[in-house]
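Data first, discussion second: the structure below is written as structure tokens.
The values are calculated or read from the model by the stated rules, or taken from the named source; none is laboratory data. Just so it is clear, the model here is predicted, and its values are computed rather than measured. With ideal geometry, Cβ positions are generated from the backbone for all residues, glycine too; neighbour counts draw on all protein chains shown. Only protein heavy atoms, including side chains, enter the accessible area calculation; ligands, DNA and RNA are left aside. Shrake-Rupley method; radii C 1.70, N 1.55, O 1.52, S 1.80 Å.
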Amino acid sequence: MEGNLATQAVRRWFYGARFEDFILQSSSEILGELTQRTGGDLDLTQNNAWQEQIAILKSLRLPASEHSSAKIYFEYTIPRLGRRADVILIVGHVLFVIEFKAGESQFNISALDQVWDYALDLKNFHDASHGICIAPILVATKAKPQNIELQRTLHDDDLLRPIRANADDLHEVIAQTMEFLTAPRIDISNWESGRYLPTPTIIEAARALYAGHSVESISRSDAGAKNLSNTSKAIDHIIEDARCAGKKVICFVTGVPGAGKTLVGLDVANRHLDKNSSTYSVFLSGNGPLVSVLREALARDTIARASSDGITIRKGEARQKVATFIQNVHHFRDDCLADERAPPEHVVLFDEAQRAWTLEQTTNFMARKKNRPGFDQSEPEFLISCVDRHPDWAVVVCLVGGGQEINTGEAGISEWLDAILNRFQGWEVHLSPSLSESEYRSATSLEKVLALNSTKQNHHLHLATSMRSFRAESLSKFVRQVLDIDEDAPKTLNHISARYPIKITRNLGIAKQWLRDQARGSERYGIVVSSQAQRLKPHAIDVRVKTDPVKWFLDGKEETRSSFYLEDVATEFQVQGLELDWACVVWDGDLRFNGSGWSHHEFKGTRWNRIQKLERQIYLKNAYRVLLTRARQGMVLVIPQGSDEDPTRAASFYDPTFEYFKSLGLQELA
């Protein structure tokens, strides 16, 4: 029974009614509506769970004044998480998110995090929920009576910590919560028609896309953000035009850190997974940790979704199934070396294309590892040549991050442009106008490519707004200003600090506690450091100890090797392309502020040595750029105290850097 309170653009629930109508309607009718929304495919466990939830909620006693205005919703969809909350109940000025654990007598941490995550998703991404009071409740139906604990968080945003209740406590929890919180009544009509503007992590996005969701349903669509679907559609148009016209095209998609370049690539590849299709495509990445983490996340999710449908899938089978969705570029390269025929894919998407190898690096690798001395192609040239083997048509899509080259031999985008100029001028080129910006370091080659008659610029191929740090779209701008010693950095910090806290401290213990205090639900936090941070061992940080990125990014709070434990740290190589909700960046003496700029150092033997080579200075600076743009919601910088007794950790290596950040306006944690 649906109340006529509003005309919804999107109905996100299986069942919704005024609470008084819900009470009057028979349980079998309600169950029938819920079952109908599933398409009639319902297992006995879900049927029994709904019957128990309906019975408990029908016995609920709301204040008499609220019966006619309260509204209840079953199976409310949370798009970013790809799940449904059991029940949303709006009573007066409070929205309750209620999750039931039928037959349970305990309140486990994962279940509490689950209901908190649902509430957080509404608070952060549903525009009509930003300013309202939200109370998450976990109901363990067989638990003993609970002491009702109502607690706010440090965020002070009218979202309570999860409340524990059993089936009989629920009415008292609601009554006490309504007394505890004060706010204007919720406009239910406005709430129902509110827009959902999610910004998923790349792991969440990959899971959703692989499960069949569209990029539009899991990404922001507000006018303030660059619409990812526009870029996906532009690439689709390029692919279809190339196929119909029988031509070969290379296009370059640019974007600020966290803008969604990888998501665009995954979206396009996911829609062209059919090997029998003429537009069969493959998503390739040279970022080993990213490939490993996404593959494992998809495999785990495949197993979990199958299990919920009563199907058993072995992990090996699930991993094999997802392997075709995300592939390592080096495996693609090796296949093309071994087989001179055209690859099966007409469309090849290269993620983080700026990290492809120079001619020198490729030549050395081929001689040492592949027994191919005298190899005379850079990695971009060879990869394009592989796709060029198709006699009819082909499309190469390069997803490019500016200022993201972090390792020896990474060519930047200029090597791709040089390959076009030297060998593939017959290919049509589509590129983002933003490729001319300084961090792409391609000015000379770009000017020549732009002069080609076959080159076309397309503004839809640039993603201008960071989706990662949804609380601060200008974070990448601030980080660039910090690293460029730009005098406008304090102004940008002032603009973002209200919603995106950036703190500083000299005490790692204080920083760890700040992370724990900030994180809510399953929000992920961890410590990141430069791979050159060799003198953090007195703080129990040793970058030489290998961190498993899969366990670090995917495992839960009980796993000692997960990021949550704050013991293992990740470097720029493990975190590039991935993200945390809250990050602690620990600074070492490798990159030091010297009063007017940065000095670059590496630790060898018993001392720090200056890095003289410009290319390696850029890699180090970019490493910190990667670290400083990992956090979606906030971060704390730790710049340790030096030691008079240790010449490798002299105070002069750290103090000027600390003072520089303080001068920008960062608040120090005591």
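The value of relative contact order for region 265-318, using C-alpha pairs under 8 Å at least six residues apart, is 21 percent. For the set K491/K621; K551/K613; K123/K233; K491/K537; K101/K557, the pairs lying more than 28 angstrom apart at their alpha carbons are K551/K613; K123/K233; K491/K537. What the pair-distance distribution of region 588-670 shows, using all Cα-Cα distances binned every 5 Å from zero, is 3, 13, 21, 25, 21, 12, 5, 1 percent.
With a simple spin-label model that places each label point 7 Å from the Cα along the Cα-to-Cβ direction, the separation between I109 and E29 comes to 4.6 nm. Using a probe of 1.4 angstrom and keeping all protein chains present, the accessible surface of the chain works out to 41 square angstrom per residue. Using a 4.7 Å Cβ-Cβ cutoff, the cysteines of the chain lacking any partner cysteine are C133, C244, C251, C398, C584.
Farthest toward the positive end of the dipole of the chain, out of N230, W357, F573, is the Cα of W357, where the dipole comes from beta carbon charges about the Cα centre. Each residue of region 19-66 gets 68 Å³ once the volume of the Cα convex hull is shared out per residue.
Give me the extension gain from K604 to K233: residue separation times 0.36 nm, minus the current Cα-Cα distance, reported in nm with one decimal.
This chain segment gains 128.6 nm when fully extended.
The length gained on full extension between Y280 and T648, counted as 0.36 nm times the residue separation minus their Cα-Cα distance, comes to 127.0 nm. Across the accessible surface of region 418-560, with the other protein chains kept in place and a 1.4 Å probe, carbon and sulfur atoms take up 43 percent.
If you put +1 on each Lys and Arg Cβ and -1 on each Asp and Glu Cβ, how big is the dipole of region 578-663 around its Cα centre, in Debye rounded to 20? Let's see the in-between values first.
Details: 12 positive and 11 negative charges, 78 e Å.
With Lys and Arg at +1 and Asp and Glu at -1, about 380 debye.
From the residues Q641, I23, V348, which one has its Cα farthest along the dipole of the chain in the positive direction, the dipole being from +1 and -1 charges on Cβ of Lys/Arg and Asp/Glu about the Cα centre? Projecting each Cα onto the dipole axis, the largest value belongs to Q641. Here the ratio of the Cα radius of gyration of region 239-333 to 2.2 N^0.38 Å is 1.26.
You can think of it this way: the chain between S385 and L450 has 21.3 nm of extra reach, that is 0.36 nm per residue less the Cα-Cα gap. Dipole orientation for region 396-526: of the candidates P501, C398, S442, P501 has the Cα lying most toward the positive pole (charges on Cβ; Lys, Arg +1; Asp, Glu -1).
I need the helices of the chain that pass two filters: whole DSSP H segments spanning 24 Å or more by Cα along the axis, and mean Kyte-Doolittle score no lower than -1.0. In the chain, the long hydrophobic H runs are 228-245, 288-308.
Nothing charged except the Cβ atoms of Lys and Arg (+1) and of Asp and Glu (-1): what's the magnitude of the dipole of region 509-583 about its Cα centre? Round to the nearest 20 debye.
240 debye
Dipole check for the chain: with +1 at the C-beta of Lys and Arg, -1 at the C-beta of Asp and Glu, and the Cα centre as origin, the magnitude is about 1020 Debye. Cα extents for the chain along the principal axes, largest to smallest and rounded to whole angstrom: 81, 69, 43. With an 8 Å cut-off on Cα pairs and a minimum separation of 6 or more residues, tell me the relative contact order of the chain in percent. Here the relative contact order equals 11 percent.
Over its Cα atoms, what ratio of radius of gyration to 2.2 N^0.38 Å does region 364-439 give? Normalised Rg, Cα atoms only: 1.23. Placing R0 at 35 angstrom, the Cβ-Cβ distance between F375 and E487 gives a FRET efficiency of 0.15 after rounding to 0.05.
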